[in-house]
Amino acid sequence: MVEQTATAPVSATPDATAAQAAPATPAAQAAQAAGHRGMPEKRVAIARAARTVFGREGFTRTSVDAIAAEAGVSKRTIYNHFADKEQLFQSVILEGASTVAATQAKIADRHLRKIVDLRGDLIDFGLDRVGSLTTFAEHWALVRTIEAEALHIRPAVLEAWQEAGPRETHRVLTHWMTEFADRGLLLVPDPDEAARHLNLLTFIAVAQPTFYGAIPMPAERIAEVVASGVTAFLKVYRATGATT
């Protein structure tokens, strides 16, 4: 599983269809708009359509014709902007990965720069990270596609996606583990390993059973999972005598 944020829970209602059909939040729209700034209008439309179709049909089954129909452009227009289906797929997964990673870095800075209550701040941070499963639902649909069809996607494409998204997020978490050790809040022999443990116990503990938000989990259960994960993490890493 991979890691990769906003403030909404995976599902606040039992209606999965409604949750998946909900429009992107202003935060998600702003992040996507930033990525699109300066791009030709048709290229933006193609990328938007590609995210939708790839997320719905997968990489192998998606045709350029289907993306063209979704975007309301000709097939020739797509080839004016992208060499082939693979390049288009790589473009949209890298854009999504970069946007989510950048958003998570901002959330980490907001919650972790000034610690008042270590456990409470880590829980709030974890809940905000889990919120990305809803806020960036189209991106996580592409992640499901990547995991399901990894054998049909060139290693170079997978490598580029890993570097832009999951590894970048992991680097940010590793930075904060080092910061907490320096502040005397945690005992962290290996910041890289500690970052991996925090991710597994909080974000992945929700993302995996929900298939990245495809299957709703009640907000109350999400809160329990994240809080339990933070408690387990602190039992291993909390510094003796830490007061926050």
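The values are calculated or read from the model by the stated rules, or taken from the named source; none is laboratory data. Treat the numbers as computed from the prediction; the structure is a model and nothing was measured. Reconstructed Cβ throughout: ideal geometry from the backbone, glycine too, with neighbour counts over all protein chains shown. The protein model used for the area step is the full one, side chains on, heavy atoms only, and it has no ligands, DNA or RNA in it. Shrake-Rupley method; radii C 1.70, N 1.55, O 1.52, S 1.80 Å.
Details
- Unique residue being open to solvent by less than 20 Å² (accessible area, probe 1.4 Å), farther than 30 Å from Ala232 by Cβ and in contact with a Leu (Cβ under 9 Å, 6 or more places away or on another chain) when the list is Phe89, Phe125: Phe89
- Residue match in segment 112-128 (condition: basic (Lys, Arg), within 18 Å of Pro166 (Cβ to Cβ) and assigned to a helix (DSSP H, G or I)): no
- Considering residues of segment 155-193 that are assigned to a loop (DSSP other than H, G, I, E, B) and not acidic (Asp, Glu) only, the residue farthest from Val116 (Cα to Cα): Gly165
- Residue check for Thr17: more than 18 Å from the chain's Cα centre (by Cα) and modelled with pLDDT under 95: yes
- Scope segment 114-130; condition of a type outside the set (Lys, Arg) and closer than 18 Å to Leu200 by Cβ; matching residues: Leu122, Ile123, Phe125, Gly126, Leu127, Asp128, Val130
- So Ala156, is it at negative phi and open to solvent by less than 10 Å² (accessible area, probe 1.4 Å): no
- One residue alone among Thr145, Thr103 is of a type outside the set (Phe, Trp, Tyr), buried (at least 20 other Cβ atoms within 10 Å of the Cβ) and farther than 20 Å from Thr52 by Cα, and that residue is Thr103.
- Sole exception among (1) open to solvent by less than 20 Å² (accessible area, probe 1.4 Å); (2) modelled with pLDDT of 95 or more; (3) of a type in the set (A, V, I, L, M) for Ala239, by number: (2)
- Top-ranked residue of segment 174-230 - restricted to ones that are open to solvent by less than 50 Å² (accessible area, probe 1.4 Å) and hydroxyl-bearing (Ser, Thr, Tyr), ranked as farthest from Ala137 (Cα to Cα): Thr174
- None of Ala31, Ala141 is modelled with pLDDT under 95, of a type in the set (A, V, I, L, M, F, W, C) and under 16 Å from the mean Cα position of the chain (by Cα) except Ala31.
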